[in-house]
Amino acid sequence: MSSHGPAVFLHGGPEVTAVWSLLLEDIERDDVFLLSPPGFGVPLPDGFEATMDGYLEWLVARLEAFGQPVDLVGHDWGGVHTFNLAMNRPDLIRSWVCDVVGLFHPDYEWHPLARTVQTPDEGERWIDELSSKTMEERLAWWHEWGTLEPLATRLAAGQDAHMGRAILSLYRSSVQPRLAEAGRKASAAAARPGLVISVTDDPATGTHEMRQQVAGEAGADVVTLDGGHFWMTRKPAAGAALLNDFWARLP
């Protein structure tokens with residue numbers, strides 16, 4: 001019997017679990033579990049607090065249910081939740097992987113689209129536009145990011161009003177200095193082995209130097225991966241190789 005729980009993958013927005021499908025073809029383990037944060041590919045429950053704190057409480061409850069420490073992998077907002085969990089409840093994980101730790105650097109500034117979403121009225125207008133897009137328009141957006149069929153259709157189909165409401169609430173709960181303040185606990189994440197994936201073309205998640213600094217405080221390894229924000233759809237085999245190697249080296 002394994003002494004640890006499964007590999008748990010946590011996606012962000014505007015995504016659904018399908019974002020991992022290509023990468024999972026090359027993952028060398030069969031104990032994989034995909035979690036969908038409320039509102040991101042699954043309904044947003046009435047009364048759910050779609051904030052950084054709310055998602056942390058949700059993730060704690062989900063991981064406690066496994067009964068064993070898991071290997072947690074987070075991308076985009078899923079990466080934020082992953083690192084937040086690693087700083088606050090490292091007892092629930094055997095290891096963690098994150099591609100957005102630069103957001104927790106004290107000098108990080110949100111990208112223009114995030115600031116739009118965080119602005120009253122402007123954010124509501126942007127979310128309304130997102131919710132009203134046709135399937136063809138959503139597909140075009142994914143194609144612009146280099147996502148091919150049939151994955152693009154699966155991702156576009158998951159963008160709905162639930163996701164729009166969750167995005168609006170989540171971004172507004174993380175207006176700076178909220179992330180910088182959370183990142184002051186980065187050293188607590190060193191309680192478990194960590195891997196920071198620093199992709200070469202993702203300016204929205206901070207500089208490589210920011211990622212290195214936060215990773216250093218968290219005692220994590222840093223690997224550089226050529227590609228952009230959606231590296232798991234553009235470089236799935238390379239991303240899977242990084243994860244397989246990391247897990248193989250764990251105690």
Requested in this report: Find the centroid of the Cα atoms in region 105-141 and in region 1-32, then give the distance between the two in whole Å.
Outcome: 27 Å
**Report entry** Overall dimensions of the chain as given by Cα atoms, namely Rg and Dmax in Å
**Finding:** 17.0, 53
Query raised in the report: Can you work out ³J(HN,Hα) from phi for every residue in region 233-244, in order, using Karplus 6.51 cos²θ - 1.76 cosθ + 1.60 and θ = phi - 60°, giving whole Hz and x for Gly and Pro?
Result: 9, 9, 10, x, 5, 5, x, 5, 4, 4, 5, 4
Query raised in the report: Between Ala204 and Asn88, 0.36 nm times their residue separation minus their Cα-Cα distance comes to what?
Result: 39.3 nm
Query raised in the report: What nm value, rounded to one decimal, do you get for the distance between Ala157 and Glu109 when each label is placed 7 Å out toward the C-beta?
Result: 4.1 nm
Report summary line: Scoring only Lys, Arg, Asp and Glu (+1, +1, -1, -1) among other residues with Cβ under 11 Å from the Cβ of Thr116 yields -2
Report summary line: In nm, the gap between the two label points placed 7 Å beyond Cα toward Cβ at Val42 and Glu144 is 3.1 nm
Query raised in the report: For the charge dipole of the chain, defined by +1 on Lys and Arg C-beta atoms and -1 on Asp and Glu C-beta atoms about the Cα centroid, which residue among Leu195, Ser173, Ala161 has the Cα displaced farthest towards the positive pole?
Result: Leu195
Query - Ordering of 172-179, 86-93 by burial proxy (mean other Cβ atoms within 10 Å per residue, highest first) - result: 86-93, 172-179
Query raised in the report: Order of 96-104, 6-14, 52-60, 201-209 by packing, highest average Cβ count within 10 Å first?
Result: 96-104, 6-14, 52-60, 201-209
Report summary line: Note: probe point = Cα of Lys185 + 7 Å toward Cβ; backbone nitrogen < 15 Å; residues of region 87-112 passing the test are 87-93, 104
Query raised in the report: For the chain, modelled as a Gaussian network with Cα springs under 10 Å, which listed residue fluctuates most, Asp128, Asp107, Asp46?
Result: Asp46
Requested in this report: With r as the distance between the Cβ atoms of Ala238 and Thr116 and R0 = 25 Å, compute the FRET efficiency 1/(1 + (r/R0)^6) and round to 0.05.
Outcome: 0.20
Requested in this report: Mind giving me the nanometre distance, one decimal, between the label points for Leu250 and Glu124, set 7 Å out from Cα along Cα→Cβ?
Outcome: 4.5 nm
Report task. May I ask for the net charge around Asp202, where only other residues with Cβ less than 14 Å from the Cβ of Asp202 are counted and Lys, Arg are +1 while Asp, Glu are -1? Result -> -2
Query raised in the report: Considering only the other residues whose Cβ falls under 13 Å of the Cβ of Trp142, what net charge follows from Lys and Arg at +1 and Asp and Glu at -1?
Result: -1
Query - Residue-span extension gain [Ser173 to Val32] - 0.36 nm each, minus C-alpha spacing - result: 47.8 nm
Requested in this report: Per DSSP H run of n ≥ 4, the term is -39500 (n - 2.57); total these for the chain, divide by its residue number, and report the mean residue ellipticity at 222 nm rounded to 500 deg cm²/dmol.
Outcome: -12000 deg cm²/dmol
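All of the numbers you see were taken from the coordinates with simple rules; none came from a lab. All of these numbers come straight from a predicted model, not from anything done at the bench. Ideal geometry is used to build each Cβ from the backbone, glycine not excepted, and the neighbour counts take in all protein chains shown.
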